[in-house]
Amino acid sequence: MINYNNKSFRPISSSENSEITSDTIFVYKQKGDILTSTHNGANIIEGHLIGLVDNDGTINMRYHQINKNGELMTGICMSKPEIDSNGKIKLYESWIWTSGDRSKGTSILKEI
């Protein structure tokens, strides 16, 4: 199992219907297979996620955040890891909003 504890991530790409931008920072904490994170950035005032990490490092998570318009947004995300040649983690994410327009999207995050 990959240990995400005290690792930070930044998006390197994301679907247009996403609220994250290149300045959004995710700070992960992990205890056993339970992962939590805080995040914020230009479009997000405050956000949190909680998830479960499986044996191959895939994260099944739920997230909620308050965007710059003062809206509470929620969603579900599956995040699959890849270790690059420098030993840094890239996360390939597939997600769906459970609020708003309920659209789907993808993102790639890279460990800072």
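Here are some notes:
- Dividing the mean sequence gap of close Cα pairs (under 8 Å, 6+ apart) by how many residues the chain holds gives a relative contact order of 23 percent.
- Proximal charge balance of Ser94 [Cβ under 9 Å; K/R count +1, D/E count -1]: +1
- Within the shell of other residues whose beta carbon sits under 15 angstrom from the beta carbon of Ser85, the net charge comes to 0, with Lys and Arg scored +1 and Asp and Glu -1.
- For the chain, the alpha-carbon radius of gyration amounts to 0.98 times the rule-of-thumb value 2.2 N^0.38 Å expected for a compact globular protein.
- For Thr21, solvent-accessible area (1.4 Å; no DNA, RNA or ligand), Å²: 40
- Lys7 long-range amide H proximity, modeled H, under 5 Å: Tyr28
- Relative contact order for region 40-87, counting Cα pairs under 8 Å that sit 6 or more residues apart, in percent: 32
- The accessible-area ordering, largest first, of the residues Ile44, Ile12, Ile25 stands as Ile12, Ile25, Ile44, per a 1.4 angstrom probe.
- Vicinal HN-Hα couplings computed from phi for region 46-51 (Karplus, 6.51 cos²θ - 1.76 cosθ + 1.60; Hz; Gly/Pro x): 7, x, 9, 9, 9, x
- Accessible-area composition of the chain, carbon plus sulfur, in percent [1.4 Å probe]: 52
- Lysines with Cα under 24 Å of Lys68, excluding same-chain neighbours fewer than 8 positions away: Lys104, Lys110
- Counted charge near Asn5, where neighbours are those whose Cβ lies closer than 14 Å (Asp, Glu -1; Lys, Arg +1): +1
The values are calculated or read from the model by the stated rules, or taken from the named source; none is laboratory data. Everything numeric here is computed off the predicted structure, so don't read it as measured data. Every residue, glycine among them, receives a Cβ derived from its backbone with ideal geometry; neighbour counts consider all protein chains shown. Surface areas here come from the heavy atoms of the whole protein model, side chains and all, with no ligands, DNA or RNA. Shrake-Rupley method; radii C 1.70, N 1.55, O 1.52, S 1.80 Å.
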